[in-house]
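Here the structure is laid out as structure tokens; the discussion comes afterwards.
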Amino acid sequence: MEKKLLKKIDAHAHAVLRDIYPKHDLENLRALPTGEKIIEMYDRLGVEKGMLMPLLNPEFHSFLTTTEIVMEIAENHPDRFFFACGLDPRMMKHSTSSDFGKLIEWYKNKGAKAVGEIEANLPFDDPLFDNLFSHCEEQDMSITIHISPYQGYAYGLVDDPGLPGLEKCLKKHPKLKIIGHSQAFWANMSADVTSELMKGYPRGKLNGKGAVWHLLENYENMYCDLSANSGYNAVARDEEKGFEFIEKYQDKILFGLDICTEIDPCHLPGWLDKHYLAGNISESAYRKICRENAIKMFKL
């Protein structure tokens, strides 16, 4: 039977409402594409729709996007976007008593499908995170997290090589579905990871199976998305192990792009299509990763 390529669902998207931001190449001052620009890229890349996530934290981003902004973009293009609500653990009262539950419930009633991207540059075990995660768990909302190797380094939840902070969180919140992402997360595909390697995109063969394999294997609530160069690099740097990873954890991997500029290369769609057609990725894994896992996770 002839193999057919699938339209994909992007579990990791960002956009701005209007193209009003300055265009320059100064560090950290990039402007995200508009929803219309993302749609143009989706059409070229074979993507049906994507989940827009706000960017709220000030540690890295110069131009912030709120939940209300991504909600409006999704309302303007309901056939191409759905959205997550953005929450920072320091919001409201900067307190462990902040009641995020009512806020999450309000956003859910407006159509939010998840919480993310969570990027506050605080340690994983900060009580503020524990409070936020407890409310997400109670509201049955999955979260997408960005991990950082240091406090004060860019943005993201701070964790060490081997991701011990993430593992403790998975144990403490067993009903909270956590979608892992970022250079620091995906560098842990290999067992020889260091804090320095967690800052970038390690190349070459994997040296043993790192924490990402361990967490997906042992925690029902651990998921991941293949977005950005970090996710693509994780499976493409050592393709033999990448194919093994995809087959083994096909129920827990989401397709994602994380397009942040109008010239993002987006190698992942072509790579998945190519290796599915070549027989290196099974029909089952291809379908689940490209769209079925997102449909199930976000109740589409």
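The values are calculated or read from the model by the stated rules, or taken from the named source; none is laboratory data. Being a predicted model, the structure only gives us computed values, none of them experimental. Glycine also receives a Cβ, built like all others from the backbone with ideal geometry; neighbour counts cover every protein chain displayed.
Tabulated results
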item: Segment 252-263 - residue that is of a type outside the set (D, E) and assigned to a loop (DSSP other than H, G, I, E, B) and, of those, farthest from the chain's Cα centre (by Cα); result: I263
item: Test: residue in segment 215-223 that is assigned to a loop (DSSP other than H, G, I, E, B), of a type in the set (D, E, K, R) and surrounded by 22 or more Cβ atoms within 10 Å (Cβ to Cβ); result: no
item: Residue list for segment 241-269, filter: within 28 Å of E220 (Cβ to Cβ) and among the hydroxyl-bearing types (S, T, Y); result: Y249
item: Subset of segment 50-70 [out of contact with any Pro (no Cβ under 9 Å at 6 or more places or on another chain) and over 23 Å from I147 (Cα atoms)]; result: none
item: Some residue of segment 277-296 being out of contact with any Leu (no Cβ under 7 Å at 6 or more places or on another chain), of a type in the set (K, R), within 21 Å of I179 (Cα to Cα) and surrounded by 16 or more Cβ atoms within 10 Å (Cβ to Cβ); result: yes
item: Residue count for segment 199-214, restricted to those that are hydrophobic (A, V, I, L, M, F, W, C), part of a helix (DSSP H, G or I) and either over 25 Å from N121 (Cβ atoms) or at pLDDT below 95 (or both); result: 1
item: G270 among the small types (G, A, S) and either more than 30 Å from M141 (Cβ to Cβ) or at pLDDT below 95 (or both); result: yes
item: Subset tally (residues that are without any contact (Cβ under 8 Å) to a residue 60 or more places away in the chain, part of a loop (DSSP other than H, G, I, E, B) and either surrounded by 23 or more Cβ atoms within 10 Å (Cβ to Cβ) or in contact with a Gly (Cβ under 9 Å, 6 or more places away or on another chain) (or both)) for segment 224-251; result: 2
item: Odd one out for C266 among (1) surrounded by fewer than 22 Cβ atoms within 10 Å (Cβ to Cβ); (2) more than 16 Å from the chain's Cα centre (by Cα); result: (2)
item: Among (1) within 21 Å of the chain's Cα centre (by Cα); (2) modelled with pLDDT under 95 - the single one I73 does not satisfy; result: (2)
item: Filter result for E137 (out of contact with any Lys or Arg (no Cβ under 8 Å at 6 or more places or on another chain), of a type in the set (D, E) and either at pLDDT 95 or above or under 22 Å from A294 (Cβ atoms) (or both)); result: no
item: Qualifying residues in segment 281-300 (those that are among the aliphatic types (A, V, I, L, M) and in contact (Cβ under 8 Å) with a residue 40 or more places away in the chain) - the one nearest to L6 (Cα to Cα); result: I289
item: Selected residue [at pLDDT 95 or above, under 21 Å from the mean Cα position of the chain (by Cα) and either of a type in the set (S, T, N, Q) or over 30 Å from C290 (Cβ atoms) (or both)] from T67, T34; result: T67
item: Top-ranked residue in segment 114-147 [being polar (S, T, N, Q) and under 18 Å from K168 (Cα atoms); ranked as nearest to the chain's Cα centre (by Cα)]; result: T144
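So that you can scan it fast, the table gives a plain yes or no per residue for (1) of a type outside the set (S, T, Y); (2) touching a Gly at 6+ places or on another chain (Cβ under 8 Å); (3) without any contact (Cβ under 8 Å) to a residue 60 or more places away in the chain:
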position	(1), (2), (3)
D160	yes, no, yes
E167	yes, no, yes
K177	yes, no, no
H181	yes, yes, no
V193	yes, yes, yes
P202	yes, no, yes
V212	yes, yes, yes
